[in-house]
1. Provide the percentage of antiparallel DSSP beta bridges, counting only those with both residues in the chain; round to the nearest 5.
2. May I ask for the distance between the Cα centers of segment 116-160 and segment 54-92, given as a whole number of Å?
3. Figure the gain on full extension for residue 11 and residue 160 (residue separation times 0.36 nm, minus the Cα-Cα span) and round it to one decimal in nm.
4. Give the angle, between 0 and 90 degrees and rounded to the nearest 10, that separates the Cα long axis of helix 138-147 from the longest principal axis of the Cα atoms of the chain.
5. Determine the shape class of the chain: with a ≥ b ≥ c the square roots of the Cα gyration tensor eigenvalues, call it rounded for a/c under 1.5, and otherwise prolate if a/b is greater than b/c, oblate otherwise.
6. What is the spin-label model distance, in nm, from residue 88 to residue 57 if the labels are put 7 Å beyond Cα along the C-beta direction?
7. Using amide H atoms built in the peptide plane, which far-off residues or other-chain residues are under 5 Å from residue 98 H to H?
8. Which value at 222 nm does the chain reach when only helices count, each DSSP H run of 4 or more adding -39,500 (n - 2.57), with the total divided by all residues and rounded to the nearest 500 deg cm²/dmol?
Amino acid sequence: DVEPAGCEDVEFGPVVVDLPLGRGAQQQFSVEIPPGTYRAIEFEIHKVSSDDPATLRQQYPYLVDQSIRVQGTYNGQPFTFLTDLNVEQTLLFNPLLVVTDTTTATNVTILVSLAAWFVGPDHKLRDPATGNKGGVNESMVKENIKQSMEAFEDHDFDGQSDP
């Protein structure tokens, strides 16, 4: 949802996002929103379930009953991190996002700091596999994921807020 002050919510989805690992921002999808002043963007991270369209479940069978999947290596060993995190996120725009009748395009970036997901309170990297369901770091990783996002206007797709 994109929520304008005093206006109706704009809803779309579900959408599966493949987070880029490089610098800057990459367009994942495009949505038309009506003119207005927007204070926040709301979205859900939720596991793919039987309530989702069959085409989504068929296209992403590895996400059924999961919301996030990360594959990589840790200390030279391959890992797969899976979570069934279900959470509604509200990210405030600062400054407010203004869309006018004459606005041709407004780019919004939701920056996700992946590097923070598997870092403990002591600022040391944890084995991502310990964040899996039942793992010693499951709750820490889920909280890190929730705290790792911010939204802002980003016309040049550089991954930084525009003035």
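Read the figures in this text as sums done on the coordinates, not as results from a lab. Source: prediction; values computed, not measured. Cβ sites come from the backbone with ideal geometry, for glycine too, and all protein chains shown count toward neighbours.
1. The antiparallel fraction comes to roughly 95 percent.
2. 13 Å
3. Between residue 11 and residue 160, full extension yields 51.1 nm more.
4. Helix 138-147 sits at roughly 20 degrees to that axis.
5. It is prolate, given that a/c is not under 1.5 and a/b is the larger ratio.
6. Distance between label points: 2.4 nm.
7. 38
8. -2500 deg cm²/dmol
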